[in-house]
Amino acid sequence: MANLVRQPFWNAELAQSEHFDKIIVQNLEVIVNAGTDVWGRKKKQRALISVTVTLTTDFASASSTDTVDDSTVHYGVLSKAIQALVADESREWVSTPQLSWSIAESVRKVAGSTGVHAIETNICYIKGSMFGDGAGLITSKIETSGAYSNVLYLRNVHIPCLIGVNSNERLQKQPVVLNIWVDGVDMSRVDEYAQLETLLFDQISTTDFKTLESMLEWAIKLVRDKFFTRDGDKDSWIRLRIEKPLAVPFADAPAVEITRPVASK
């Protein structure tokens, strides 16, 4: 039976399983008829698809014979299967969760008799974010136990705002960089990433904080009160990180990160 868990618990179960051999396809660039663009429209768009397949046994026979046998999964065949799936012109628009499930099913078909312990997919819409580096969904499932996780994310959203304790920082806005992960997101909310980004950008850009810590707590309350308000949202958790790239001359950026449940305690 499928069991939704938070991603850290899913990662812990995978680690404790002692299944370590993996086949990985990273950032396969495709055009998909899925998700929404930054305007909320259901149109074809570019996506980067990454898949990690954890095997039930090691691929000792494939490595010892230097051949691709049924102890492993051919990453070239897997890549082509995913490309063929999304290239099918007869496919109507699907939600991001539906696309993720279809990709996982392609993995199972390509694996055939090869034992698969877990499948992780990451669908990133490169232009799904107006002010950042993309939006997407990470889905992970352990095939044997049924444990799975869903994480919606926005990546590197740049927002100008007043932030800082130094006198010069009070003179004008400076950019902060926001990353957000919604763990256990209700699948009906996944394709609302553009609306979530708009809320965060519009509200944070008008704020005046001295510390990132205060900004983070305020931003968590914002998304609780203004966005994740439905019954299906109450079991989700929000991990929010804000970086301040101009604050430390000889570092990329200091950052502060917090994780909180949507249902405040």
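Any read-out appearing in this document is the output of simple, stated calculations on the displayed coordinates, not a laboratory observation. Computed from a prediction, not measured in an experiment: that's the story for all the values here. Cβ coordinates were reconstructed from backbone atoms using ideal geometry, including for glycine residues, and neighbour counts include every protein chain displayed.
When the Cα positions of 194, 162, 254 are compared along the charge dipole of the chain, 162 comes out farthest toward the positive end, with charges on each C-beta of Lys, Arg, Asp and Glu. In the chain, helices alone account for a calculated mean residue ellipticity at 222 nm of -8500 deg cm²/dmol, with every DSSP H run of four or more residues adding -39,500 (n - 2.57).
When both bridge partners sit in the chain, DSSP labels roughly 90% of those beta bridges antiparallel.
Taking the Cα centre of the chain as origin and assigning +1 to Lys and Arg Cβ atoms and -1 to Asp and Glu Cβ atoms, the resulting dipole is close to 860 debye. Across 54, 206, 121, mean-square fluctuation computed from a Gaussian network of the chain (C-alpha pairs under 10 Å connected) peaks at 206.
In plain terms, the bigger the Kirkwood radius, the slower the diffusion; for the stretch 97-197, with that radius from Cα pairs, at 4 °C and 1.567 mPa s, Stokes-Einstein puts D at 82 µm²/s.
Taking all Cα pairs closer than 8 Å and separated by 6 or more residues, the relative contact order of the stretch 18-60 comes to 52 percent.
Model label sites at residue 166 and residue 4, defined 7 Å from Cα along the beta-carbon direction, differ in position by 4.4 nm. Measuring nothing but how far apart in sequence close Cα pairs (under 8 Å, 6+ apart) lie, relative to its length, the chain scores a relative contact order of 16 percent.
Taking every Cα-Cα distance in the chain and sorting them into 10 Å bins starting at zero, the pair-distance distribution P(r) comes out as 7, 27, 30, 22, 11, 3, 0 percent. Candidates 171, 245, 216 compared by Cα position along the dipole of the stretch 164-265: farthest toward the positive end lies 171, with charges placed on Cβ. In the elastic network of the chain, a GNM with C-alpha springs shorter than 10 Å, the most mobile of 118, 47, 81 is 81.
Pairs spanning more than 19 Å between alpha-carbon atoms, out of 80/109; 44/141; 43/127: 44/141.
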